[in-house]
Structure formats: C-alpha cells, structure tokens
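Contents: one structure, followed by commentary.
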Amino acid sequence: MITELEKKELKSIFQGHYTEDVLKVLNNKSILNRNGEPHNAQYIRMVFQGVRQNSDIEAAIWQVAINKKQELELQKLQKQKVLTKNS
C-alpha cells in the first residue's frame, strides 16, 4: 500500500499525470484484472490513493516513478549543460 508520505513524493514526481503511463506498463506486461480485461484509469487512481490494494498496479506505479525521475534528472543535466556553455 502506498503511504501518505509516498503519495506526496510521487505526486511531485508525476506532476499530476501518471495513469496513462501506468496503463502502458501494465499492458506491456500483459497484466489484466480478474475479468481478463485491462485495468482502467479509475482503478489505478484508487490504488494510488490507498482506497484499493493491488500489488501489480503498485509495482507499475513505482516503475513509472523511476522512469519519470530519470527523465527529470536527464532534463536537469541537459539544462545545466546548456546554461554552463552559454555563460
């Protein structure tokens, strides 16, 4: 289960958008709900908010967080590289 503290940190990493990316991770891993269908965005948000528990969705959320954090770090490095060359 994602704690309140983790949820705050994840929100800052995601900057509000995460469900589509989580759906992509789940689809790439062929993770389906108990009816054999893809999970929906509403259920993913419920897991994120702690209303529901699902270890597969939580793992996908953490995977998206890792990917997003790496993207943000790369952007920061690129920004620093550009700014230091111009000064």
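None of the figures in this text is laboratory data; all of them are computed from the coordinates on show. Just so we're clear, the structure is a prediction, and the values are computed from it rather than from any experiment. Please note: Cβ atoms are built from the backbone with ideal geometry, for glycine as well, and neighbour counts cover all protein chains shown.
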Problem set entry | Of the trypsin sites (Lys or Arg not before Pro) in region 9-54, those whose Cβ has at most 15 other Cβ within 10 Å and which sit in DSSP loop | Lys29, Arg34, Arg52
Exercise. Hey, in the GNM for the chain with a 10 angstrom Cα cutoff, which one of Leu32, Leu74, Leu23 fluctuates hardest?
Worked result: Leu74
For this session: Would you calculate, for the chain, the mean residue ellipticity at 222 nm contributed by helices, counting each DSSP H stretch of 4 or more residues as -39,500 (n - 2.57) and dividing by all residues, to the nearest 500?
Result: -23500 deg cm²/dmol
Exercise. With no solvent and one point on each alpha carbon, what is the Debye value of log10 I(q)/I(0) for the chain at q = 0.18 Å⁻¹?
Worked result: -0.76
For this session: Once you've got the GNM for the chain with C-alpha springs shorter than 10 Å, pick whichever of Ile61, Ile44, Ile31 has the biggest mean-square fluctuation.
Result: Ile31
Exercise. With Cβ to Cβ distances under 13 Å as the rule, what net charge do the other residues near Leu10 carry (K, R +1; D, E -1)?
Worked result: +1
Problem set entry | Positive dipole terminus of the chain, leading residue within His39, Gln53, Ser12 (C-beta point charges) | Ser12
Problem set entry | Most mobile of Val51, Val64, Val22 in a GNM of the chain (Cα contacts under 10 Å) | Val51
Problem set entry | Additional length obtainable on full extension of the chain from Glu37 to Gln78, 0.36 nm per residue less Cα span | 10.8 nm
For this session: Measure up Lys24/Lys68; Lys24/Lys69; Lys7/Lys81; Lys29/Lys79; Lys8/Lys69; Lys29/Lys81 against 25 Å on the Cα-Cα distance and list the ones that go over.
Result: Lys7/Lys81; Lys29/Lys79; Lys29/Lys81
